[in-house]
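All remarks here apply to the structure that follows.
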Amino acid sequence: MRVVVADDQELVRSGFGMILDAQPDITVVAEVPDGAAAVAAAREHRPHVVLMDVRMPRMDGIEATRLVCEQTSSRVVMLTTFDHDEYVYDALRAGAGGFLLKDVRRDDLVHAVRVVAAGEALLAPSVTRRLITRMVAANMAANVAADQDASTAQGEGRGPDRRLEILTERERETLLLLARGLSNAQIAAAMVISEHTVKTHVGNVLSKLHLRDRVHAVICAYETGLVVAEAGETA
């Protein structure tokens, strides 16, 4: 599988590149220092995965992620320092399939690249759900404030989010369990169905809601109120 590493810190860039290139099934086709170069490398090499730093010169990781996801079939994994990267939610909305901490262990880095290259979302690390929860909560608070302003100015707000009405009861239940971080096997056990049926439900959820992957399904579950971001309780 082909990988592009984009980070403005040379030691991070070269270190990740060396770790990945040492794997028999992974080839690092480019190491680049900024977002613009990452987009160009994705167009040229058509990598399976782009490791993308959030903050870079010339073009930041968010805009670069949006362009890579729009213009190629490459999957993007964001590199973040977690507490200091308030833009990760925007990056996920731009199409990123997950993210890693920059102090990730060697084995976890390799595993993450393989998982994302296989078409899965990077949802396993607990930090992923923590960060999604935090970012969605902040975004929802901003939307509430905007709605209140609109209501004051126009006498009405946007109304309830009705995106999930298109789902069947079982698909909605699948989305709820997925948002809680359960694997396909765990969802199958909870719903007393086969893993094949779970995969069918997940596929239907992604297709009906026009979502890129499981990460974006989780975001949708929080945004629509199926899961309450701050309390972690179902709606």
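Scanning segment 180-195 for residues that are exposed (fewer than 15 other Cβ atoms within 10 Å of the Cβ) and either of a type in the set (K, R) or over 19 Å from V115 (Cα atoms) (or both) returns A189, V192, S194.
Taking the listed residues A91, A96, A117, the one that is surrounded by fewer than 21 Cβ atoms within 10 Å (Cβ to Cβ), under 16 Å from the mean Cα position of the chain (by Cα) and within 17 Å of H216 (Cα to Cα) is A117, with no other qualifying.
The single condition among (1) at pLDDT 70 or above; (2) outside any loop (DSSP other than H, G, I, E, B); (3) more than 17 Å from M52 (Cα to Cα) that V110 does not meet is (3). On the stretch given as segment 196-213, residues that are open to solvent by 30 Å² or more (accessible area, probe 1.4 Å) and in contact (Cβ under 8 Å) with a residue 40 or more places away in the chain total 2.
Which residues, taken from segment 9-43, are of a type in the set (G, A, S), more than 16 Å from V76 (Cβ to Cβ) and either in contact (Cβ under 8 Å) with a residue 24 or more places away in the chain or in a helix (DSSP H, G or I) (or both)? Hits for segment 9-43 are S14, G15, G17.
The values are calculated or read from the model by the stated rules, or taken from the named source; none is laboratory data. Note that the structure is predicted; figures quoted are calculated from it, not measured. Every residue, glycine among them, receives a Cβ derived from its backbone with ideal geometry; neighbour counts consider all protein chains shown. Ligands, DNA and RNA are stripped out before the accessible areas are found, and what is left, the full protein with its side chains, is counted by its heavy atoms. Shrake-Rupley method; radii C 1.70, N 1.55, O 1.52, S 1.80 Å.
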